[in-house]
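The values are calculated or read from the model by the stated rules, or taken from the named source; none is laboratory data. It should be emphasised that the depicted structure is a prediction, and the values quoted were computed from it without experimental measurement. Here Cβ is always computed from backbone atoms with ideal geometry, including for glycine, and neighbour counts include all displayed protein chains. Just so you know, the surface numbers come from the protein's heavy atoms only, side chains and all, with ligands and any DNA or RNA stripped out. Shrake-Rupley method; radii C 1.70, N 1.55, O 1.52, S 1.80 Å.
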Amino acid sequence: MRTLLILGGTGEARALAAHAAGWHVVTSLAGRVRDPRLPEGEVRVGGFGGPEGLAAWLVRERVRAVVDATHPFASRISASAVAAARATGVPLLALHRPGWTEEPGDDWRRVPSVEAAAEVLTTLGGRVMLTTGRQSLAAFAGLDLFFLVRTVDPPSSPLPASHHLILDRGPYTVDGELALMREHAIDTLVTKDSGGTMTAAKLVAARQRGIPVVMVDRPPMPEGVRAASTVDEAVGWLRGIAEG
């Protein structure tokens, strides 16, 4: 049976693993989440040792196709996947859900990085809901603002002096997000453009409360990589490889 490597960690990766009929599916997880949701099929946890290690693994395991369904901000593993696929000739597809789009009533400031987001905050409010992930918190640690910090796992990087930490995982509801914002008197939201529905409720809540959103843009996709935005597209791509 053909082997498919899914670089996972997202809902799209789990859905693809469940629908890749006729393939031996191996999903690789980075291991950064303490209690990840596991997909169907075989699962491996941990890195490959850079692009060279991934290329060697693809050859050793006779992998027929790779789907990069990592988080849109996991740029390092995505770059490794591109390099390894080109070195080995294994077909690669990037499966990344579309980003969010601004809607009527929204007040967004798009920025290229979390560092830029921290700079923008100095011109906005003083009570911030921060949902950029635990690995980006150091960029905000020196700001004299209040932060409602929400992460899946406990952060290891420095936190702002004034903060309240919530450990939680989506999906979230609009009512729940509105309640959090009211409880902590939030006047600004900072988030990454992750896309999808699991965590989009905070954007609706910000719109309803009339507060600005600082939106960190995704890193650019590597050039020359075929991309899909839905699991159905990815299944069709796999079907073409199998039939070819």
Subset of region 136-167 that is touching a strand residue (DSSP E or B) at 6+ places or on another chain (Cβ under 9 Å) and assigned to a helix (DSSP H, G or I) - its residue that is nearest to D193 (Cα to Cα) | S136
Listed by first then second residue, the pairs whose first member lies in region 109-134 and is assigned to a helix (DSSP H, G or I), whose partner is aromatic (F, W, Y) and modelled with pLDDT of 95 or more, with beta carbons under 9 Å and at least 6 positions apart or on separate chains, are V114/F140; A117/F140; A118/F140; L121/F140
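Yes or no, residue by residue, for (1) farther than 28 Å from R14 by Cα; (2) of a type in the set (D, E, K, R):
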| site | (1), (2) |
| --- | --- |
| R110 | yes, yes |
| L121 | yes, no |
| R127 | yes, yes |
| L130 | no, no |
| S157 | yes, no |
| S162 | yes, no |
| Y172 | no, no |
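On the given criteria, is G236 under 30 Å from R64 (Cα atoms), open to solvent by less than 40 Å² (accessible area, probe 1.4 Å), touching a residue at least 40 places away in the same chain (Cβ under 8 Å) and not charged (D, E, K, R)? First the steps, then the outcome.
Numbers: under 30 Å from R64 (Cα atoms): yes; open to solvent by less than 40 Å² (accessible area, probe 1.4 Å): yes; touching a residue at least 40 places away in the same chain (Cβ under 8 Å): no; not charged (D, E, K, R): yes.
Taking the combined requirement at face value, the residue does not satisfy it.
Filter region 114-134 for residues that are more than 25 Å from the chain's Cα centre (by Cα) and more than 13 Å from H163 (Cα to Cα); which is least open to solvent (accessible area, probe 1.4 Å)?
Within region 114-134, the first condition is being more than 25 Å from the chain's Cα centre (by Cα), and the residues that meet it are 122-126.
Going one step further and asking which of them are more than 13 Å from H163 (Cα to Cα), we end up with 122-125.
Values: T122: 97, T123: 109, L124: 43, G125: 21 Å².
For region 114-134, the residue satisfying everything is G125.
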Could you say whether any residue in region 99-109 is of a type outside the set (A, V, I, L, M), in contact with a His (Cβ under 7 Å, 6 or more places away or on another chain) and surrounded by 14 or more Cβ atoms within 10 Å (Cβ to Cβ)?
-> no
Any idea how many residues of region 185-220 are of a type in the set (D, E, K, R), open to solvent by 20 Å² or more (accessible area, probe 1.4 Å) and at pLDDT 95 or above?
-> 5
Across region 167-178, what is the total count of residues that are surrounded by fewer than 13 Cβ atoms within 10 Å (Cβ to Cβ) and within 14 Å of L130 (Cβ to Cβ)?
-> 1
In region 72-98, which residue that is part of a loop (DSSP other than H, G, I, E, B) and surrounded by fewer than 15 Cβ atoms within 10 Å (Cβ to Cβ) is modelled with the highest pLDDT?
-> G89
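Suppose we filter L7, L54 for residues that are within 15 Å of the chain's Cα centre (by Cα) and not polar (S, T, N, Q); which single one remains? Before the answer, list the steps.
Numbers: L54 fails: within 15 Å of the chain's Cα centre (by Cα).
So the residue among L7, L54 that is within 15 Å of the chain's Cα centre (by Cα) and not polar (S, T, N, Q) is L7.
Scan region 205-223 residue by residue and report those that are in contact (Cβ under 8 Å) with a residue 12 or more places away in the chain and over 19 Å from the mean Cα position of the chain (by Cα).
Residues of region 205-223 that are in contact (Cβ under 8 Å) with a residue 12 or more places away in the chain, as a first pass: 205-219, 221-222.
Hits for region 205-223 are A205, A206, R207, Q208, R209, G210, I211, P212.
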Hey, could you check region 144-184 for residues that are within 23 Å of the chain's Cα centre (by Cα) and of a type in the set (K, R) and say which is modelled with the lowest pLDDT?
-> R169
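Go through region 51-65 residue by residue and tally those that are part of a helix (DSSP H, G or I) and surrounded by 15 or more Cβ atoms within 10 Å (Cβ to Cβ). Give the derivation first.
Keep residues of region 51-65 that are part of a helix (DSSP H, G or I), which gives 51-60.
Within this subset, residues satisfying the condition of being surrounded by 15 or more Cβ atoms within 10 Å (Cβ to Cβ) are 51, 54-58.
Going through region 51-65 one residue at a time, the tally reaches 6.
Let's see how each residue does on (1) in a loop (DSSP other than H, G, I, E, B); (2) closer than 18 Å to H71 by Cα:
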{"site": "G170", "(1), (2)": "yes, yes"}
{"site": "L178", "(1), (2)": "no, no"}
{"site": "A185", "(1), (2)": "yes, no"}
{"site": "R207", "(1), (2)": "no, no"}
{"site": "M221", "(1), (2)": "yes, yes"}
Given (1) farther than 16 Å from G99 by Cβ; (2) of a type in the set (S, T, N, Q); (3) part of a loop (DSSP other than H, G, I, E, B), number of the condition S194 does not satisfy | (1)
